[in-house]
Amino acid sequence: MTFLARNASKTVPLTLVLILAVLLVFGIVSLINSIPLSIRTIYGAVRFAGFIDPRGDPAEIEKLKKIAETESPVPIQPIFPVRVSSIMVRSLVGKWDFVILAMDAPQVPAYLERVGAADLQGRLPRPGQPEMIISDPIARNLGLKLGDLVLSPDNSEAYSPNPVRVVGILPTQEWIMVADREYYRKHHLPPVDVLVIMTQDPAKQAQFDVWAKERFSGLRARVTSYTEIRKQSDESFEVLYKILNVVIGMLVLVVTIMMGMLMNIYQGQRLQEFALLQALGYTKSTLLRRVLQESALVVVLGWLLGVLVSLGILSILKASLFDPRAFSMHLLDARALAYTLPIPIAIFGAAWLTVWLRFRAFDPVGIVDRRIV
Amino acid sequence: MIVARSVSLRYEDHGREIYACREIDLSVHPGEFLGILGPSGSGKSSLLYLLSGLKTPTEGVIEVDGANLHRRTEVERAQIRLQRFGFVFQSPYLLGYLSALENVLVARPEVDRRREATEMLDRLGLGEKAHRHPHELSGGERQRVCVARALLGSPEVVFADEPTASLDHTNGLAVVELLNAFRGAGSLVMVTHDRSMLNGADRIITISDGQIVGESRGPADS
């Protein structure tokens with residue numbers, strides 16, 4: 001270890017390469033992971049209820065409601081209708097549609113309690129009025145505060161025939177926008193309700209969702225559930241993750257070759273040391289162990305520092321770019337961490353191989369016996 | 001005691017057999033200063049490496065205390081070199097990232113001999129420079145550190161391969177005198193092409209073309 005401590009000109013570049021490689025991989029994977037995470041976060045409130053819409057045909061509503069009420073495999077709360085419209089929210093990869101739920105005033109408190117957003121800064125929308133409550137992430141994402149316009153006639157991405165203002169902000173991490181159904185019935189098209197179905201036991205919502213997907217298949221109905229959103233997001237990112245695996249694999253290969261070459265050069269510069277020590281009576285295995293311990297230390301140190309630097313940079317990025325817009329990102333992303341592991345392992349393997357090959361045919365006398373005169 | 005019995009070291013060069021040493025019989029007695037004298041390329045260094053177990057003879061046997069050295073495993077031979085032998089090489093090889101004191105300690109890593117190493121450097125006139133690194137020492141000083149390293153732990157035999165080759169005559173003589181003075185009860189086997197370096201030798205053998213061609217009892221007999 002003395003060698004590492006007193007040869008900073010060799011140790012530092014090796015460690016830096018490792019730090020950069022880990023930073024690169026950790027950063028890329030964390031940022032890519034933030035996209036599906038954002039999808040799941042933005043539409044996370046859907047996990048508290050199932051939504052069934054009659055694909056534009058209001059006549060189907062009663063039939064669908066009856067099926068759910070009579071055939072649901074788990075006890076459900078009274079079903080209530082909502083009207084919906086969309087608004088564009090900002091994400092890391094552009095703008096996404098987000099759904100505004102317009103519900104009758106008596107339903108709002110129960111729904112908010114269900115999603116764990118019972119506290120409210122401001123007040124609830126009044127029946128028939130162009131008013132809306134939004135949650136804190138929406139407020140940050142769209143830069144809104146109490147009294148601001150959220151929908152307006154001249155905004156194609158957030159349209160309503162009348163200016164709709166924010167009257168309440170929910171201090172929750174769920175993404176929620178709730179307007180008044182009476183106002184929507186008067187001013188928004190299409191004139192079609194969507195059914196909101198919440199199980200009595202929130203833990204059984206996923207079970208209901210799976211049943212609903214199967215039961216309403218083939219009928220004039222579309223089921224929207226968190227299970228389905230999650231499945232679709234996983235499927236749509238499957239190819240991206242395959243590409244990511246290839247990119248990371250290539251990166252690990254390049255970094256490993258580069259580090260292997262650097263270590264080979266550095267070990268080559270120590271041949272005289274190894275020859276001397278072996279001539280004095282150190283065994284090959286002792287020297288090999290020493291070199292491998294040093295390599296392991298550099299590799300572990302480089303990886304740890306790489307992870308720490310990555311966490312530092314991602315923290316800054318999260319605080320300055322993600323949090324103000326309510327974009328989601330796990331700082332200590334287990335998947336990103338796992339992707340960095342092949343780097344130290346491959347580099348240590350390359351170091352071991354390099355040193356082993358060198359020691360295999362090593363003759364110390366050939367070096368200490370070099371003549372000067 | 002180290003005994004060489006009909007020892008040869010042969011190698012091939014472009015299909016031609018060359019003998020670095022040929023059928024050498026030789027004993028290194030406890031406590032003696034044995035000089036191996038010969039011109040460049042005569043095989044004297046090869047003989048030293050055979051006697052110390054660093055090279056394996058192609059024919060013949062090297063015995064240490066009656067046991068065939070090359071029947072032992074590589075690890076056992078390394079143990080013998082580390083615990084019972086000391087080495088001074090032609091070039092003053094030191095580890096650049098260690099101080100003079102740490103370089104001396106390299107020779108006996110198994111026990112803490114810091115005090116003994118410090119005393120050894122002091123006796124060799126390097127007490128003030130014990131914490132300097134090799135690049136801060138002169139050639140003669142570096143070779144004296146090598147001498148201290150070889151003598152640390154009072155080895156049974158010190159092997160010195162042309163230890164004065166990289167030094168001027170005065171410094172060379174000083175190094176040999178130090179080796180001879182501080183080896184204690186141990187033997188000293190020294191290879192050189194310069195007879196004047198063997199003034200203190202108990203016995204001198206002369207090598208030519210890989211064979212012993214002469215033996216004398218100290219410089220006075222030669």
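Miscellaneous remarks
- Criterion violated by B:H193 - all others in (1) within 12 Å of chain A (Cβ to nearest Cβ); (2) out of contact with any Leu (no Cβ under 6 Å at 6 or more places or on another chain); (3) under 22 Å from B:E32 (Cβ atoms); (4) buried (at least 19 other Cβ atoms within 10 Å of the Cβ) satisfied: (4)
- Complete set of residues in the range B:47-68 that are part of a loop (DSSP other than H, G, I, E, B), buried (at least 16 other Cβ atoms within 10 Å of the Cβ) and more than 9 Å from every other protein chain (Cβ to nearest Cβ): B:G53, B:P57
- Annotation note: Cβ proximity below 7 Å between a residue of the range B:101-123 that is under 18 Å from B:V88 (Cβ atoms) and more than 14 Å from chain A (Cβ to nearest Cβ) and a residue that is aromatic (F, W, Y) and assigned to a helix (DSSP H, G or I) (sequence gap 6+ or interchain) occurs for B:R123/B:F182.
- Residues of the range A:330-363 that are surrounded by fewer than 18 Cβ atoms within 10 Å (Cβ to Cβ) and over 21 Å from the mean Cα position of the chain (by Cα): A:I345, A:G349, A:W352, A:L353, A:W356, A:L357, A:R358, A:F359, A:R360, A:A361, A:F362, A:D363.
- Residues within the range B:148-180 that are crowded, with 19+ Cβ neighbours inside 10 Å, within 14 Å of another protein chain (Cβ to nearest Cβ) and in a helix (DSSP H, G or I), tallied: 5
- Considered as a group, the residues in the range B:133-147 that are more than 14 Å from chain A (Cβ to nearest Cβ) and outside any helix (DSSP H, G or I) include one that is farthest from A:R290 (Cα to Cα), and that residue is B:S138.
- Matching residues in the range B:16-57 - criterion: being within 12 Å of the chain's Cα centre (by Cα), of a type in the set (S, T, N, Q) and under 17 Å from B:E156 (Cβ atoms): B:S52
- Criterion: away from every other protein chain (no Cβ under 13 Å), in contact (Cβ under 8 Å) with a residue 40 or more places away in the chain, of a type outside the set (S, T, N, Q) and part of a helix (DSSP H, G or I) - qualifying residue of A:L287, A:L308, A:L301: A:L301
- Residues satisfying the stated conditions in the range A:310-329, i.e. surrounded by fewer than 18 Cβ atoms within 10 Å (Cβ to Cβ) and more than 30 Å from A:S295 (Cα to Cα): A:I316, A:A319, A:S320, A:L321, A:D323, A:P324, A:R325
- Listed by position, the strands (runs of 3 or more DSSP E) enclosed by the range A:129-234 that each have at least 3 residues that are free of Cβ contacts under 8 Å to residues at least 60 places away in the same chain and not acidic (D, E) are A:131-135, A:164-170.
- Annotation note: Cβ proximity below 7 Å between a residue of the range B:27-46 that is touching a residue at least 40 places away in the same chain (Cβ under 8 Å) and away from chain A (no Cβ under 14 Å) and a residue that is in a helix (DSSP H, G or I) and surrounded by 14 or more Cβ atoms within 10 Å (Cβ to Cβ) (sequence gap 6+ or interchain) occurs for B:V28/B:L51; B:F33/B:N180; B:G35/B:L198; B:I36/B:K44; B:I36/B:L47; B:I36/B:L48; B:L37/B:R195; B:L37/B:L198.
- Candidate set: the range B:2-26, residues that are touching a residue at least 40 places away in the same chain (Cβ under 8 Å) and more than 19 Å from B:D209 (Cβ to Cβ); chosen: the one surrounded by the most Cβ atoms within 10 Å (Cβ to Cβ): B:I2
- Checklist (1) in a helix (DSSP H, G or I); (2) modelled with pLDDT of 85 or more applied to A:Y282, failing item: (1)
To keep it simple, each residue is scored yes or no on (1) buried (at least 20 other Cβ atoms within 10 Å of the Cβ); (2) within 14 Å of chain B (Cβ to nearest Cβ); (3) without any contact (Cβ under 8 Å) to a residue 12 or more places away in the chain; (4) among the basic types (K, R).
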position	(1), (2), (3), (4)
A:I243	no, no, yes, no
A:V252	yes, no, no, no
A:I257	no, no, no, no
A:M261	no, no, yes, no
A:N264	no, no, no, no
A:Q272	no, yes, no, no
A:Q278	yes, yes, no, no
A:T283	no, yes, yes, no
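- Within the range B:69-100, tally of residues that are small (G, A, S), assigned to a helix (DSSP H, G or I) and more than 9 Å from chain A (Cβ to nearest Cβ): 1
The values are calculated or read from the model by the stated rules, or taken from the named source; none is laboratory data. Just so we're clear, the structure is a prediction, and the values are computed from it rather than from any experiment. So basically every Cβ, Gly included, is an ideal-geometry build from the backbone, and we count neighbours across all protein chains shown.
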